[in-house]
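Novice: One structure, pasted below without further comment.
The values are calculated or read from the model by the stated rules, or taken from the named source; none is laboratory data. Computed from a predicted structure; not experimentally measured. Using ideal geometry, Cβ is built from the backbone for each residue, glycine included, and neighbour counts are taken over all protein chains shown. These accessible areas exclude ligands, DNA and RNA; they are computed on the full protein's heavy atoms, side chains included. Shrake-Rupley method; radii C 1.70, N 1.55, O 1.52, S 1.80 Å.
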Amino acid sequence: MIHAESKHRNGALPLRPPDVVMRLRRMGSFHQTRISFMRSLLRRIANEGWVLTRPLFELDQEGYGTVVYRVETPAGVCTLVAFSHELQPDERTDRVIAKKWDATFALTLGEPTAADIERLHANVPKQEAGRVSANECVLSRANKSVRLFEHIVNCLAHGWQPSLEDVVDVGYLMRTTAVYGNGKFGLADLPRTFGSGLFTRPFEAEMLTVYLIREFTIDLVEHIAAARAPLRATRLDPPHARALGIGNSTGLGMAPFLVAHPTLLHRWMISRETALARVLNQAEAAPDKRHLFVRLLQRAIGHVAEWHTQDARQASRVEQLHRELVELGEGLPNADAEWLTRVYPWQRLADWAAAHGSEELQELLNSLILEPYGELVDGLADAMTDPETPGFDPAMTLGELRALIERHYSWALSIDFDQADAQHFFWYRSEEKEEPRLGERSKEPGAEWEMRLGIAREVQALYDALTSTTLDANGCVAAFLMHWPDWRYAVRRVQTIDGHHYGEIRDNLLGADCLAIDLLRCKLSFFGAIKFDPKSDRWTRITMYQGAPRFVELDGETADAWALPVFIGKQPELHA
Amino acid sequence: MRRTLNEVYRQCQKAAEGAGVPAGLDIEVAQATAWLVARGLPAFDSLIQGLGRASDRQAFCFSEVASGDPLNATNKEGALIAPALVDLVVANAGETVGRLAVGSLCAALYLLPAAARYASDGWCFHFELLGAGGVAFQLQVEPDAGVSIAATRDGDVTALEGISGLDVQACCTRSIDALPNRDESSTTILADAASLAEVEAKTLGNGVEVESETWDLLTTFALKVLVPATEESRQRGAGGA
């Protein structure tokens, strides 16, 4: 139990230690926050007054053709070029090994010419098999949720609105199956994308692409409905449209990213933890903050009630989370509840949750209490980019290196890798589109080419080598690596983590108890995803932007008013 | 075919890993290759030569490092040892000037990206390269001024990639004033920071032209890191669909 008063006497609250935060189970309990990338993007669009137009809309009666969305920002123009295709049911798969999709997209830097659109038309539908240029910065594709898509088209063609229950049950008209950036397939390299001035934060171009795809899907169903029944068709009313996000299927491809980019992961985590610490450190909560929190808590109860999943593990967690939220809501019925009016209310809440609640609850509350404090939190969204050039100290002695390992990797040194369970899994790249996969070491071939996700094992082996080496402990790292360059990765990793404490996941990713789904959830929460719906322990469906205002609705008030959306039940408004 | 820098990096990293280049070094070699080609400097031939010998540890390992004596780089691959050489110069610097003599080095251009990594931390480097027949080059890396390449007589940067057996005097310091001065009367700048930056900007817009033969050679190495797919791996390995 953390005692708020003692923290107060000692000055600012410390951040939660990496040993607490950087655990798979906790990372697999993260939720969207104010500084998640979707949230910060919508704030930016609203604050900077970005303008969306649709200069090209050439779809046939069935909705196949080309649409162009132009986004004007103070830093310049970017454009989403969307292609809608006919797809046979047996060709529709969300796996990365698919070759055809219902719709394909490219986000261009600037305005494409007619020739550019022709070029894109010849390449974008092929996705990985095509070739784009450095004028494009994102490549993506999406498949329809056939049942909901047809249902909504049918309803609109009859002049009806679909039932909100049906809309929310699925939550999207299309789901993306890949969103590529950073130089892949000819796309602009990241320095060019950032150099355009249009995008300043991690995955911002990708998040904009998905947001525009959402606009496209809504335009598409309305167009098809109007084509079927020109005189009778209606458009989606705003609440129904807002209830539609974009689905996404995410597999293991996302998992190695967090391990391969420790300094970036550190930036994301420390921004989140700093945001949390700033709020926990509030000695008192002003009435307007308390009111907003109580409304959010009620909304969270409704939101979780609408979070459905067939996955037994996640369903159990959601059910428990709902129970815990209801219990908490009963204890905090209004903004004048005793807990909220005492000193350090948010720290008390966090302490209570840590002692009595699940990690799902703890992390949902951590997201919740940030919501009333945009003035403390939102600026941290600008601190989540990292140049990723960690320094290296070749003069460090081997004794110092050992001490670093002991300081930052005691969790790794305690693992017994002689036990088969400790090396149960290996991660590998399949020859099929280089899809990352997870194999069982004792049963499957390919372990000799495993990917470097076994950081704990690697660092432990380095530690053993340093212990047994005949080199003097006062010898330097540079000389050590001249002899044994095999340790270069591990040595650099240890030195990097010394300055980036949140850069390492403090669990054994090779262990039999490793759940890759936790890695996916962590990263997706930073994107701003909600309603995680695991389909196995290796891939999940999510919803993006569900409940978010549409582009034309964005303003300073709406841009942040879509946290924890509720659609079926009563949704407490976040703004008076 | 034109390739983006990220494609170059990824292909080179996989190729290096597939060739048997140690973990971490494969990443740095790939980053160095992308750094060089982004600036229009030759790199692929040196890399492919290095990868071809990567199964022989003598190509990138030093058995002993005696202070004061020149390191003998005979039969070592410059693309693979450049990071370690630059590390050693920096480690030798302490609070003053780090020096290192290396004999018989090839692929000396790979010293540049290795040094540039340290330049962002404030380190300055000067490399004197002396080849057979008196051909000499100077490489300089400074935190603010960037990279420059000079030669004492007719020569071009492309030729530098193919020269082996270079004797190298390397020094680094955090004080630019402590670096040797370039003798402007006897050297010609082959590439300076401005011209390299200009090329890099163009590369970001247009990519890098990579000959298919080069790409295919890299692919030969890179394919080794990919595990053959089976229906079982399709279902189990990725969690099914």
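Novice: So A:Y428 ticks every box in (1) within 14 Å of chain B (Cβ to nearest Cβ); (2) under 18 Å from A:G499 (Cα atoms); (3) surrounded by 18 or more Cβ atoms within 10 Å (Cβ to Cβ) but one. Which box is left unticked?
Specialist: (2)
Novice: If you don't mind, there's one more thing I want to ask. When only residues in the stretch A:392-420 that are within 33 Å of the chain's Cα centre (by Cα) and loosely packed, with under 13 Cβ neighbours inside 10 Å count, which is nearest to A:A473 (Cα to Cα)?
Specialist: For the stretch A:392-420, the residue satisfying everything is A:E406.
Novice: May I ask you to verify whether A:A300 is over 21 Å from the mean Cα position of the chain (by Cα) and within 21 Å of A:M27 (Cβ to Cβ)?
Specialist: no
Novice: Condition (residue is open to solvent by 10 Å² or more (accessible area, probe 1.4 Å), at pLDDT 95 or above and assigned to a helix (DSSP H, G or I)) applied to the stretch B:102-112: is it met by at least one residue?
Specialist: No: the stretch B:102-112 contains no residue that is open to solvent by 10 Å² or more (accessible area, probe 1.4 Å), at pLDDT 95 or above and assigned to a helix (DSSP H, G or I).
Novice: Right, here's the next one. So which pairs qualify, if the first residue must be in the stretch A:348-359 and in contact (Cβ under 8 Å) with a residue 40 or more places away in the chain and under 18 Å from A:R317 (Cα atoms), the second must be of a type in the set (K, R) and open to solvent by less than 40 Å² (accessible area, probe 1.4 Å), the Cβ gap must be under 8 Å, and the two must be at least 6 apart or on different chains?
Specialist: Listed pairs, sorted by first residue: A:S358/A:R317; A:E359/A:R26.
Novice: Pairs only if they're at least six apart or on different chains, beta carbon under 7 angstrom, first in the stretch B:21-32 and at the interface with chain A (Cβ under 7 Å from one of its Cβ atoms), second at pLDDT below 95; list them, first residue then second.
Specialist: Partner pairs satisfying both residue conditions: B:A23/A:R452.
Novice: Evaluate the following for B:A116: is it part of a helix (DSSP H, G or I), within 12 Å of chain A (Cβ to nearest Cβ) and at pLDDT below 95?
Specialist: Yes.
Novice: Which fully enclosed helices (runs of 4 or more DSSP H) of the stretch B:157-241 have 2 or more residues being free of Cβ contacts under 8 Å to residues at least 12 places away in the same chain and open to solvent by 20 Å² or more (accessible area, probe 1.4 Å)?
Specialist: B:193-206, B:212-222
Novice: Pairs, please: C-beta under 7 Å, at least 6 apart or cross-chain, first residue polar (S, T, N, Q) and in the stretch A:507-524, second at pLDDT 95 or above and surrounded by 24 or more Cβ atoms within 10 Å (Cβ to Cβ)?
Specialist: Taking only residues 6 or more apart or on different chains, the pairs are A:N508/A:A456.
Novice: Filter the stretch A:431-442 for residues that are surrounded by 20 or more Cβ atoms within 10 Å (Cβ to Cβ) and more than 7 Å from every other protein chain (Cβ to nearest Cβ) and give the result.
Specialist: Listed by number, the list holds a single entry, A:P436.
Conditions tested, residue by residue: (1) away from every other protein chain (no Cβ under 12 Å); (2) open to solvent by less than 10 Å² (accessible area, probe 1.4 Å); (3) not β-branched (V, I, T).
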{"position": "A:E444", "(1), (2), (3)": "no, no, yes"}
{"position": "A:A478", "(1), (2), (3)": "no, yes, yes"}
{"position": "A:V494", "(1), (2), (3)": "no, yes, no"}
{"position": "A:A516", "(1), (2), (3)": "no, yes, yes"}
{"position": "A:L519", "(1), (2), (3)": "yes, yes, yes"}
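Novice: Hey, any hits in the stretch A:480-488 for a residue that's among the hydrophobic types (A, V, I, L, M, F, W, C), within 14 Å of chain B (Cβ to nearest Cβ), under 20 Å from A:M451 (Cβ atoms) and open to solvent by 30 Å² or more (accessible area, probe 1.4 Å)?
Specialist: yes
Novice: Just need a number here: residues in the stretch B:187-211 that are of a type in the set (S, T, N, Q) and within 14 Å of chain A (Cβ to nearest Cβ).
Specialist: Initially, the stretch B:187-211 is screened for residues of a type in the set (S, T, N, Q), giving B:187-188, B:195, B:203, B:206.
Right, trim to within 14 Å of chain A (Cβ to nearest Cβ) and you get B:203, B:206.
Number satisfying all stated conditions: 2.
One line per residue, one yes/no per condition, for (1) open to solvent by less than 30 Å² (accessible area, probe 1.4 Å); (2) farther than 30 Å from B:A194 by Cα:
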site	(1), (2)
B:M1	no, no
B:T4	yes, no
B:Q13	yes, no
B:A16	yes, yes
B:A23	yes, yes
B:A32	yes, no
B:S55	no, yes
B:S63	no, yes
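Novice: What's the number of the condition B:R10 fails, among (1) free of Cβ contacts under 8 Å to residues at least 40 places away in the same chain; (2) more than 10 Å from chain A (Cβ to nearest Cβ); (3) part of a helix (DSSP H, G or I)?
Specialist: Against the list (1) free of Cβ contacts under 8 Å to residues at least 40 places away in the same chain; (2) more than 10 Å from chain A (Cβ to nearest Cβ); (3) part of a helix (DSSP H, G or I), B:R10 comes up short only on (2).
Novice: Next up: Which condition does A:A461 not pass, out of (1) open to solvent by 30 Å² or more (accessible area, probe 1.4 Å); (2) in a loop (DSSP other than H, G, I, E, B), if it passes all the others?
Specialist: Of everything listed in (1) open to solvent by 30 Å² or more (accessible area, probe 1.4 Å); (2) in a loop (DSSP other than H, G, I, E, B), A:A461 misses just condition (2).
Novice: Check A:L164, A:L107 and return the single one that is open to solvent by 40 Å² or more (accessible area, probe 1.4 Å) and within 22 Å of A:Y545 (Cβ to Cβ).
Specialist: Going through A:L164, A:L107 in turn, just one is open to solvent by 40 Å² or more (accessible area, probe 1.4 Å) and within 22 Å of A:Y545 (Cβ to Cβ): A:L164.
Novice: Which of the following residues is of a type in the set (A, V, I, L, M, F, W, C), more than 8 Å from chain A (Cβ to nearest Cβ) and crowded, with 24+ Cβ neighbours inside 10 Å: B:L85, B:L41, B:L71?
Specialist: B:L85
Novice: So which residues in the stretch A:176-192 are open to solvent by 30 Å² or more (accessible area, probe 1.4 Å), touching a residue at least 24 places away in the same chain (Cβ under 8 Å) and within 13 Å of another protein chain (Cβ to nearest Cβ), if there are any at all?
Specialist: A:Y180, A:K184, A:F185, A:R192 - these are the residues of the stretch A:176-192 that are open to solvent by 30 Å² or more (accessible area, probe 1.4 Å), touching a residue at least 24 places away in the same chain (Cβ under 8 Å) and within 13 Å of another protein chain (Cβ to nearest Cβ).
Novice: Being buried (at least 19 other Cβ atoms within 10 Å of the Cβ) and not small (G, A, S) is the filter here; which residues of the stretch A:126-139 pass it?
Specialist: Listed by number, the residues that qualify are A:Q127, A:V132, A:N135, A:E136, A:C137, A:V138, A:L139.
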